[in-house]
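Take a look at the structure set out below.
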Amino acid sequence: MIISKLPNVGTTIFTRMSQLAVETGALNLSQGFPDFDGPLALREAVGRHIAAGHNQYAPMTGLPALREQVAAKIARSYGRTVSADNEITITPGATQAIFCAVQALIRAGDEVIVFGPCYDSYEPSVELAGGRCVHVPLALPDFAIDWQRLNDALSVNTRLIILNSPHNPSGALISKAELDQLAELIRGRDIYLISDEVYEHLVFDGTKHVSVLAHEELYQRAFVVSSFGKSYHVTGWKTGYVVAPPALSAELRKVHQYVSFCAVTPLQCALADYMAEHPEHVENLPGFYQAKRDLFCDLLAGSRFSFTRAAGTFFQLVDYSAIRPDLDDLAMAEWLTRAHGVAAIPVSVFYQQPPKELRLVRFCFAKREETLRQAAEKLCAI
């Protein structure tokens, strides 16, 4: 009999809801992926590189050309100069990057602070490393850090804090003042950070993303993780990167080389080409996705759902209390899918202990206008 190392882990809610959407023919606004393709020039570049024979292992740390483009983007976006050789590592996706960073840091008995609700890969990564997650709930309704709870959660065993901004599932953003407060709180302690910033370019209403990369003190103890899949509409490419000071990068690479060794070569080649030729792509992302958010929210304005427009990411939370307060959010997500043809994600799955009165579901608006209009029509008819 196998004794599971992850006894509490089953098939993720994202897979389950996407499967249910397929089975019922529902519009899939659950799992976070676009229903449109990435830029044509980027996709054509992959074919060129495959035809040109760029099909063998890339360097373990990533293609130099791609690491240089990431360094250039960081300099433009956050004013930080990082070494393409010693501080940037290309990985097969952001989830793998987070896993490797956790494995590099966490030993048996270490504690890792995560903010609830949080992405579902964090805790299994910590458990496999022998650590334990300490869940600190974000303050509702704004999903802000509760500083007293965070302070109370710190102990001599705290080794790591995982941040996520823009935040999945809420879209909430961390401010510069909050990063300063965090720096003050952990100053002098042997505590590291993983900053999950995969939605770094999806920030709306004229607000700028506040990155740990731009915070001199915190960056010295941080792994900053991002995703080409999110930024270039190619989530299936599973290609991301980690930026960390040289000593931390060296430890991460020790793990990365035995998990996957390297990311997919022709995809890296294509991304390097496209980033060099189209640096404006990421600059245009806020407007591109804000237009989708605003369309979806404007269409839902006449519905019985209530909501505050997401400040970032490509997710919109809605409160269904006025519709089916008798249903918990998992039952509500299934009811929406089966009875009304729109799949959503229940927010409770992002919590260790969800608030009892939580009545929120998450919709992904990274969809074509036609999809958003059809979904909104169905939701407004409820």
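None of the figures in this text is laboratory data; all of them are computed from the coordinates on show. Worth saying up front: this structure is predicted, and the values here are computed from it rather than measured. Reconstructed Cβ throughout: ideal geometry from the backbone, glycine too, with neighbour counts over all protein chains shown.
Below are the figures for this structure:
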quantity	calculated
Note, ³J(HN,Hα) from phi for region 163-178, Karplus 6.51, -1.76, 1.60, rounded to Hz, x at Gly and Pro	9, 8, 8, x, 8, 9, x, 7, x, 5, 10, 8, 9, 4, 4, 5
Translational D in µm²/s for region 333-382 (Stokes-Einstein at 10 °C, 1.306 mPa s, Kirkwood Rh from C-alpha pairs)	132 µm²/s
Calculated FRET efficiency for the pair Q352/T15, C-beta based, R₀ 30 Å, to 0.05	0.90
Label point distance in nm, R368-S306, each placed 7 Å from Cα along Cα→Cβ	3.5 nm
G32 long-range amide H proximity, modeled H, under 5 Å	none
Simple spin-label estimate for I2 and C380 in nanometres, 7 Å along Cα-Cβ	4.9 nm
Under-5 Å amide H pairs with N164, H placed in peptide plane, nonlocal only	D196
Cross-link table K5/K254; K230/K367; K176/K208; K230/K292; K5/K356, entries beyond 18 Å C-alpha to C-alpha	K5/K254; K5/K356
Cross-link partners of K73 among aspartates and glutamates (Cα-Cα below 13 Å; sequence separation of 8 or more within a chain)	E200, E277, E280, E283
Approximate spin-label separation F288-D190, in nm, with each point projected 7 Å along Cα-to-Cβ	4.4 nm
Counting all C-alpha pairs of region 40-278, share separated by more than 28 Å (%)	29 percent
Karplus (6.51, -1.76, 1.60) ³J(HN,Hα), θ = phi - 60°, over region 2-17, in Hz, Gly and Pro reported as x	6, 9, 5, 7, 10, x, 9, 9, x, 5, 5, 4, 5, 5, 4, 6
Y351 long-range amide H proximity, modeled H, under 5 Å	C118
Rg/Rg_ref, region 279-344, where Rg_ref = 2.2 N^0.38 Å and atoms are Cα	1.34
Loop trypsin sites (Lys or Arg not before Pro), region 191-238, which have at most 12 other Cβ atoms in a 10 Å radius of their Cβ (DSSP)	K208
Relative contact order of region 40-278, defined on C-alpha pairs under 8 angstrom at six or more residues apart (%)	30 percent
In sequence order, calculated HN-Hα J values of region 94-109 (Karplus, 6.51, -1.76, 1.60; Hz; x Gly/Pro)	6, 4, 5, 4, 5, 4, 5, 5, 5, 4, 5, 9, 8, 10, 4, x
